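Below is one structure, written out as structure tokens; comments come after it.
Please treat every number below as a calculation from the coordinates, not as lab data. Everything numeric here is computed off the predicted structure, so don't read it as measured data. Cβ sites come from the backbone with ideal geometry, for glycine too, and all protein chains shown count toward neighbours.
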Amino acid sequence: MNIGFLASHGGSNMQAIIDAAKKGKLHARPVVVISNNADSTALERARSEGIPGFYLSGKTHPDPDSLDQAILDTLLACNVDIVVLAGYMKKLGPGTLSRFTGRILNIHPALLPKHGGKGMYGIHVHESVIADGEKESGVTIHLVTEEYDRGPIIAQVRVPVEPGDTPEMLAQRVLIQEHILYPATLEGIATGEINLDNFKK
């Protein structure tokens, strides 16, 4: 199973997946990293791991359709089977979404469908969880569709919200679980334990 990553910033989840593959805990091959941020740590990680990395953005391709096509062409050229979003801050275009329907995964730092949607990313999610007085948060892995955070849920893990938690404290504990759940879910897909066709809308 060939994995293609889309990442905008640090790519720590991407690194966790790469590490799992190197250790033999994930029977999949990271084959390409695409970032819309030329200075992203994700591209640095790709270089250090010997994985082809590409900078594709509204600057390299001002026309949205041509950017969508460039991303799709890159994924196809690298024989990607599964597209993994790892902190990718842009909405995917219709061409990529259509070609990889039911094969694009995203991770969200809360228990969807709560605390999801446009603008709900990073620390904003944890601020929302605490502001609403939630007793637990967690991690959700879901299929990507045209709507933000509305695709079918593949896997979840719960993380308690502790008394006195700040958004930063909660984020740290949730991230630990992200780094466990993402590689484990991908391994389930690689081994056939998780059949993504069962989750298509």
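Under 5 Å between amide hydrogens, which residues at least 5 positions from S137 or on another chain qualify, with H placed 1.01 Å from N in the peptide plane?
V159, V161
Quick one: grab the alpha carbon gyration tensor of segment 25-82, order the square roots of its eigenvalues as a ≥ b ≥ c, and give me rounded if a/c is under 1.5, else prolate or oblate depending on whether a/b is larger than b/c.
On the way: a/c = 3.00, a/b = 1.40, b/c = 2.15.
Because a/c hits 1.5 or more and a/b fails to exceed b/c, segment 25-82 counts as oblate.
Take I153, project a point 7 Å from its Cα along the Cβ direction, then tell me which residues of segment 185-201 have their backbone nitrogen under 20 Å from it.
185-189, 194-201
Size of the dipole of the chain about the Cα centre, Lys and Arg at +1 and Asp and Glu at -1 on the beta carbon, nothing else charged, in debye to 20?
Working: 19 positive and 23 negative charges, 75 e Å.
Its charge dipole is roughly 360 debye.
Please give the residues of segment 6-32, grouped as numeric ranges, whose backbone N is less than 13 Å from a label point set 7 Å along the Cα-to-Cβ vector of T191.
Zone members listed by number: 24-28.
Assuming 0.36 nm per residue, please report the length gained on full extension of the stretch L76 to K200 beyond their Cα-Cα distance. Please report the intermediate quantities before stating the final value.
On the way: separation 124, 0.36 × 124 = 44.64 nm, distance 2.11 nm.
Working it through step by step, the gained length comes to 42.5 nm.
Return the long-range amide H neighbours of I194 (sequence gap of 5 or more, or a different chain), with a cut-off of under 5 Å between placed amide H atoms.
I189
Quick one: net charge of S8's neighbours, Cβ under 15 Å, K/R +1, D/E -1?
Once positives and negatives cancel, what remains is +2.
Scan around I34 for amide H atoms under 5 Å from its own, H built in the peptide plane at 1.01 Å from N, and keep only partners 5 or more places away or cross-chain.
F5, L6, A7, F54
Where does the chain land at 222 nm, in deg cm²/dmol rounded to the nearest 500, when only DSSP H runs of n ≥ 4 count, each adding -39500 (n - 2.57), divided by all residues? Before the final figure, lay out the partial values.
Numbers: 6 runs with 74 residues, N = 201.
Dividing the helical sum by the residues of the chain leaves -11500 deg cm²/dmol.
Which of the residue pairs K59/K118; K23/K59; K90/K114; K118/K200; K25/K200; K22/K135 have a Cα-Cα distance greater than 29 Å in the structure shown? Write down the numbers at each step before the final one.
Working: K59/K118 22 Å; K23/K59 37 Å; K90/K114 21 Å; K118/K200 22 Å; K25/K200 26 Å; K22/K135 36 Å.
From the list (K59/K118; K23/K59; K90/K114; K118/K200; K25/K200; K22/K135), the Cα-Cα distance tops 29 Å for K23/K59; K22/K135.
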